[in-house]
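Please read the structure below before turning to the comments.
The values are calculated or read from the model by the stated rules, or taken from the named source; none is laboratory data. None of the values given here were measured: they were computed from a predicted structure. Ideal geometry is used to build each Cβ from the backbone, glycine not excepted, and the neighbour counts take in all protein chains shown.
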Amino acid sequence: MKKVFFIYIILASLLYASTRGSVQVLESTENIRYFSQKLVKDYLYFDKYSHKHSITWGMKKDIRTLGDNLRKISMTVSDDNSQGIIEFLSYTKDQITDILNHKIDKDSVLSMLDYSEVILEGIDSISKIYTYDFTDEEKMFMTTKRLEYLLERVTKFHMAFKMNFNTEVNRVNIINTIASIDKEFNKIKKYKYPLDMKKEIDEIIKLWKINKVYLEPTTDIFVPTLIIPSIIHLEEQIKDIALYHSKKL
């Protein structure tokens, strides 16, 4: 009986360690998704408002954060496939860093757009390997993280589309990302929050609906100095929802 109990303890410990490792990997993959989109959005914004030097400082800080998260994954994963992906993504990150150190032009913008999608594809491959059955609260927490990333993504494509990179791919990506954001907000809307928080969430969803009108590819309005601060404000409010769920994990 003692032997069986001892084996159970070992297996439980291994399961906990495995799950904790997966959590760390998934946390880093969500951060990388977010910053891969934010970097390009800010780069496009910098192209339009190059006098705002704070944007350059922010991009350099974000590329360091992206690199830190790649290193965290590299230190956690053990399989050769994931390590190979991380090595390639680290190279891609270095290419982005090099672009940030040179003058912005059409080719560099196109490269940044491509690199951000390469990073997404690679990091999606890793997250699929380390995903597990989330609890209900973990699902809601991940919903908030996806929303932050998707808001950066739709703004990135909105900027590209309005700055003469109005390809069919960018147009379709705007439409698809808006649909994904609506889907994630519907999950939040269905969750039973405390009454005072429910009122705040209703206001957040209203704000998203207003922003959505200006992000649609059919709109002729392009005012990044208004839409980007509004999206940042929206993300800050979503972080409050994330904090609520993180305390219940």
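Are any residues in the range 192-249 assigned to a loop (DSSP other than H, G, I, E, B), of a type outside the set (S, T, N, Q) and free of Cβ contacts under 8 Å to residues at least 60 places away in the same chain, and if so, which ones?
Result: K192, Y193, P194, E216, P217, D220, I221, V223, K247.
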Residue check: is K187 among the charged types (D, E, K, R) and either touching a Pro at 6+ places or on another chain (Cβ under 7 Å) or loosely packed, with under 14 Cβ neighbours inside 10 Å (or both)?
-> no
List every residue pair whose Cβ atoms lie under 6 Å apart, where the two residues are 6 or more positions apart in sequence or sit on different chains, the first residue falls within the range 169-191 and is basic (K, R), and the second residue, located anywhere, is at pLDDT below 95.
-> R171/P217
Check I178, I204 and return the single one that is surrounded by 16 or more Cβ atoms within 10 Å (Cβ to Cβ), within 27 Å of E117 (Cα to Cα) and either hydrophobic (A, V, I, L, M, F, W, C) or not assigned by TED's automatic domain parsing to the domain that holds D114 (or both).
-> I178
Look through E87, E148 and report the one residue that is touching a residue at least 40 places away in the same chain (Cβ under 8 Å) and either in a helix (DSSP H, G or I) or of a type in the set (G, A, S) (or both).
-> E148
Among the residues of the range 71-101, which ones are closer than 15 Å to I119 by Cβ and small (G, A, S)?
-> S74, S82, G84, S90
Select from the range 96-116 the residues that are at pLDDT 90 or above and either hydroxyl-bearing (S, T, Y) or buried (at least 16 other Cβ atoms within 10 Å of the Cβ) (or both) and list them in ascending order.
-> I96, T97, I99, S108, V109, S111, M112, L113, Y115, S116
Per the list (1) surrounded by fewer than 19 Cβ atoms within 10 Å (Cβ to Cβ); (2) closer than 19 Å to I32 by Cβ, residue check on L89 breaks on (1)
Considering only the range 217-249, how many residues are farther than 29 Å from F134 by Cα and either surrounded by 14 or more Cβ atoms within 10 Å (Cβ to Cβ) or at pLDDT 95 or above (or both)?
-> 6
